[in-house]
1. If I model a spin label at B:Asn7 and A:Phe192 as a point 7 Å from the Cα along the Cα→Cβ vector, what separation in nanometres do I get?
2. Could you bin all the Cα-Cα distances of the stretch B:226-309 into 5 Å bins starting at 0 and give me the percent of pairs in each, rounded to whole numbers?
3. Below 8 Å, C-alpha to C-alpha, sequence gap of six or more: please give me the relative contact order for the stretch B:189-251 in percent.
4. What list of ³J(HN,Hα) couplings, whole Hz, do you get for the stretch B:56-70 from phi and the Karplus terms 6.51, -1.76, 1.60, once you set θ to phi - 60° and write x for glycine and proline?
5. Within straight cross-link reach of A:Lys253, meaning Cα distance under 15 Å, which aspartates and glutamates are found once same-chain residues fewer than 8 apart are removed?
6. Could you derive backbone 3J(HN,Hα) for the stretch B:237-254 from the dihedral phi with the Karplus parameters 6.51, -1.76 and 1.60 (θ = phi - 60°), listing whole Hz in sequence and x where the residue is Gly or Pro?
7. Scanning chain A for trypsin sites (Lys or Arg not before Pro) in DSSP loops with at most 13 other Cβ atoms within 10 Å, what's the longest stretch left with none?
8. Largest first and to the nearest Å, give the Cα extent of the stretch A:174-247 along each principal axis.
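The values are calculated or read from the model by the stated rules, or taken from the named source; none is laboratory data. What you see is a predicted model, and the numbers here were worked out from it, not measured in a lab. Cβ atoms come from the backbone with ideal geometry, glycine included; neighbour counts cover every protein chain shown. Ligands, DNA and RNA are stripped out before the accessible areas are found, and what is left, the full protein with its side chains, is counted by its heavy atoms. Shrake-Rupley method; radii C 1.70, N 1.55, O 1.52, S 1.80 Å.
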Amino acid sequence: MAIRSSVRRRKRVAFWVLLVLSIVWMLPLVWAIGTSFKSAEEITNNVLGIIPMNATFKNYQDLFADVSQYPILRWMANSFIIASLHTALYLVIASAAAYAFSILRWKYRNLVFGILITTMMIPSVANIIPLFSMVVNFGWLNDGWRSFLALIIPGLGGVFGLFIIRQFFINIPREVVESARIDGLSDLGIFFRIIFPLGKSALMVAGLFAFMGSWNDYLWPSIIGSVVMDPNFLTLQTGLASMQSSNNYEYGKTMAAAIISIIPVIIVYMFVQDKIIEGVSHTGLKG
Amino acid sequence: MAKKFLNPEQKKRRYLANAKRYAVIGAFLLPYIILFATFFIYPFFYGIYISFFRWNVFDTASSTFVGFENYQKALFGIGDITIWREYFWLGLKNTLIFVLISVPLLILVPLIIAILIDIQPRGYKAFRVIFFLPTVLSISAIGIIWKWQFDTNNGFINGIINLFGGESVSWLNTQPGAWIAILVTTVWWTIGTNTVILGAGLKEVDKQLYEAAELDGCNYFQVLRHISLPAISNQMIICTITTVIASFNIYGQPALLTGGGPERSTTVLMMFIRGQLTGTNAQPGLAAAMAILMGLLIIMVSIGQLIYNRRAVNR
């Protein structure tokens with residue numbers, strides 16, 4: 001009995017601590033959203049107000065009136081094109097490789113996979129300069145559209161998503177594959193008709209991470225963008241950063257742009273948060 | 001099996017079957033392996049190569065071989081030219097300051113939150129979703145939002161300080177304000193992953209052990225110390241290693257919040273490397289040398305941690 005009541009008390013304490021903490025955690029975000037609807041005057045005079053006294057869309061209107069300088073919808077479209085293409089290509093290429101590393105059997109398979117995993121130790125900082133030199137030499141930075149190649153392709157060799165997909169494929173019972181083979185399915189048939197549908201959840205997790213990584217990437221696109229020098233071909237992240245570092249830094253407009261950029265992410269997150277959190281928790285358990 | 005008794009016809013058939021099998025494996029594997037080799041393995045060696053040149057990205061043929069000059073420039077300086085040495089060591093010092101302060105925070109805060117969530121109070125799943133949310137946001141949006149929170153005149157934080165009668169602090173332009181701003185932003189942004197990983201470890205612990213220990217008169221903190229923490233040592237190791245690497249690679253927070261100031265006191269090594277890469281006075285060879293030195297340091301620290309952890313676990 002004593003333990004029961006102590007458990008109950010503990011739950012109550014944990015609840016209140018978490019509640020306070022999560023309010024603290026959300027406050028900056030909520031305040032930022034509120035502030036993006038404040039007038040220039042209220043930004044200075046009503047600093048603490050979370051809900052503006054005279055809410056106005058002016059910051060957003062100014063932002064969209066200035067599309068030639070800050071084409072934010074264009075940036076979003078760019079980021080969406082880049083992240084979608086990158087994710088689609090990566091899922092096909094990495095899951096094919098995962099198939100070879102899990103369903104197909106060959107000599108040295110596990111050794112080769114082990115080497116792949118070990119290379120995750122190579123610090124990415126050492127690769128940035130040579131990669132930059134490579135994409136310049138490929139001519140990928142010669143015009144805006146081609147510069148997207150530099151943002152889509154180099155990441156396709158990433159190990160992390162392959163690892164997630166392979167961990168899932170390897171737990172698919174052998175009998176499923178064998179019976180499909182007896183039914184006369186080729187490897188291509190097994191891959192597309194059996195493994196792909198079965199591995200949907202792993203592909204979803206790997207796809208989410210690929211998309212998020214590409215969508216949120218900042219350092220690499222900022223290097224590419226600094227060479228292409230055409231505001232129409234910036235990604236959303238480099239575009240936002242260019243607004244922030246511009247000489248005539250305007251609070252309201254910049255905040256409105258930041259809010260516009262995070263709203264779709266938050267909406268998508270609300271729908272897929274369980275998949276993301278589950279995916280992350282697995283990386284720790286099977287590391 | 002009965003390999004010896006194959007006639008030529010059977011041998012040929014077996015050979016063809018094997019060839020076909022390897023063709024299939026190659027077809028599945030090669031696209032990925034080619035991309036991996038081109039964009040992950042080759043650059044690694046190419047970067048070492050570049051670091052021995054006065055490199056010209058836009059006209060590689062005009063690059064001149066300079067031996068260890070770039071390394072000498074970064075580590076010791078050459079003659080009167082000590083500016084790169086100063087940058088390198090200053091960047092390294094600033095990066096190490098960030099690593100030393102951020103890593104304990106980025107383990108401790110997620111650990112506390114994960115323990116609280118593992119108690120499973122009302123709405124614990126919603127709490128987990130909230131603490132993970134900032135992790136999915138981009139550093140450029142976060143840079144804008146937090147730069148404003150720390151703004152001297154219109155910022156939320158000074159607003160609260162003023163409310164309680166305090167004086168406004170010029171967070172981003174003075175020390176230690178600038179580091180505090182960078183650390184707060186980093187903790188807010190990145191604790192999600194570690195919280196989830198540590199939480200997944202805690203969830204696996206048999207809760208009957210907790211009850212048994214409490215029946216034996218342990219209080220909850222003893223239970224945490226002697227049962228929970230040892231049980232999640234694997235997750236702790238993973239989190240520590242990945243967090244140390246991530247903290248070494250810090251770039252976006254200072255680049256977007258403080259611009260490396262005040263007086264270069266938050267200019268981390270990645271910012272100096274990035275600064276050498278493009279622009280009119282770019283020195284990609286020097287940037288490559290600095291990056292390789294930094295990469296070596298990261299590898300050494302990671303291996304050191306692995307060895308230390310293995311010893312600690314074996315003991």
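1. 4.0 nm
2. 3, 13, 17, 17, 17, 12, 9, 6, 4, 2, 1, 0
3. On the way: 21 pairs, mean separation 27.5, N = 63.
Computed value for the stretch B:189-251: 44 percent relative contact order.
4. Taking θ as phi minus 60°, the curve returns 10, 4, 8, 8, 4, 5, 7, 5, 10, 6, 10, x, 8, 3, 4 Hz for the stretch B:56-70.
5. A:Glu41, A:Glu42, A:Asp62, A:Asp66
6. 4, 4, 4, 5, 5, 5, 5, 4, 4, 4, 5, 4, 7, 4, 8, x, 4, x
7. Working: sites that count: A:Arg105, A:Lys107, A:Lys286.
Free of exposed loop sites, the longest segment is A:108-285.
8. 68, 20, 16
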